[in-house]
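The values are calculated or read from the model by the stated rules, or taken from the named source; none is laboratory data. Bear in mind that the values here come from a model prediction, so they are computed numbers and not experimental data. Neighbour counts are summed over all protein chains in view; Cβ atoms, including those assigned to glycine, are modelled from backbone coordinates with ideal geometry. Ligands, DNA and RNA are stripped out before the accessible areas are found, and what is left, the full protein with its side chains, is counted by its heavy atoms. Shrake-Rupley method; radii C 1.70, N 1.55, O 1.52, S 1.80 Å.
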Amino acid sequence: MAFKPLTKNKTVSISALAEKKTPEQEEHERSLNTRSLPDILKTTDERIHIIFDDSSSMDAIVPGSDPKNSAFTAIKPFDKFNYDTQSNDLSRIQLAIEGTVDYLKNCKPHITAVEIAPLNEEIIKLSKNLPQVAASLKKIAASGGTPLYEYMGKMVDSHKESKYTRALIFTDGEAYPDWDRPNLISELEEMKIPIDFIIIGNKLESNLSPEEIKLKDMTIATGGVFMICKDGNSFKEKMKYFAPLLRHMLPAIASKDERG
């Protein structure tokens with residue numbers, strides 16, 4: 001499902017295009033491209049923060065994810081780090097990008113703003129221009145570590161100003177506590193918003209580590225959804241159900257089994 005342009009794809013001059021814009025179109029463009037947080041707060045119903053794991057382990061190739069069955073080939077060319085010449089399979093980071101772009105396509109247009117916080121690159125700031133958010137996301141590459149707790153702390157701090165209505169966190173690695181912030185789990189619960197948590201990894205809920213169990217309990221306490229996706233393909237398949245337009249289907253998807 002592609003982002004739909006406001007006008008049909010036909011060749012027109014810049015001056016002609018400017019003349020044809022209605023006041024509603026001009027207001028729509030201004031609204032999409034605003035960088036004013038007060039304006040975003042006034043004109044959105046949902047403000048979603050996504051902590052996006054882009055650590056080095058996300059560069060791992062996922063068997064069975066041949067791009068012949070994927071839209072990713074239209075997004076960007078493969079490089080030597082993400083391309084397996086024998087299988088043509090994709091990496092976790094490529095599938096995570098695909099899944100998150102699908103998520104953005106299923107957000108309510110004009111009244112939803114999304115912010116994406118990669119663990120190792122600059123934040124993609126809260127914006128209603130979801131196609132632009134998607135374009136920025138597609139430039140992210142896997143590198144670095146998994147400072148998950150640090151970024152959960154940053155989310156708590158920025159929530160005071162940005163007033164998120166929901167958060168989504170995913171990781172394929174172990175989350176280690178931030179000993180400088182021992183009450184972070186309580187701080188997350190005190191945000192008073194649903195926090196969804198996805199682990200990418202082939203494990204059972206019965207095999208979660210003590211720290212992962214804490215994060216699962218926190219997720220449930222906030223009214224969010226905890227899910228395990230066995231690999232990048234499973235994450236891509238299920239990510240769209242966290243989006244506002246499909247969220248009503250999420251409980252059934254999450255309860256099908258205890259492993260993605």
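Each peptide among 228-241, 209-222 gets the average number of other Cβ atoms lying within 10 Å of its residues, and from highest to lowest they stand as 228-241, 209-222.
Shown for the range 178-260: lysine pairs separated by 8 or more places, or found on different chains, whose C-alpha atoms are under 17 Å apart, numbering 14. Once you divide the Cα radius of gyration of the range 211-254 by 2.2 N^0.38 Å, the number left is 1.20. Between amide H atoms placed 1.01 Å from N, distances below 5 Å from ALA113 occur with GLU46, ARG47, ILE48, all of them 5 or more places distant or on a separate chain.
Both radii come from the Cα set of the range 135-186: Rg as radius of gyration, Rh as Kirkwood radius; their ratio Rg/Rh reads 0.99. With all pairs of separate Cα atoms included, the range 153-217 yields a Kirkwood hydrodynamic radius of 13.0 Å. For the peptides 90-97, 158-165, 248-255, 46-53, the ranking by packing is 90-97, 46-53, 158-165, 248-255, with the highest mean count of neighbouring Cβ atoms within 10 Å listed first. With K and R counted +1 and D and E -1, the other residues having a Cβ less than 11 Å from that of ARG181 yield a net charge of -4.
Using C-alpha pairs below 8 Å separated by at least 6 residues, the relative contact order for the range 170-249 is 33 percent. For the range 132-236, the fraction of 1.4 Å probe accessible surface lying on carbon and sulfur atoms is 50 percent.
Shape summary: the range 91-237 maps onto an equivalent ellipsoid whose semi-axes, from the alpha-carbon gyration tensor, are 23, 19, 15 Å in decreasing order. Relative contact order of the range 99-154, taken over Cα pairs closer than 8 Å and 6 or more residues apart, is 31 percent. With the convex hull drawn around the C-alpha atoms of the range 164-260, the volume per residue stands at 95 Å³.
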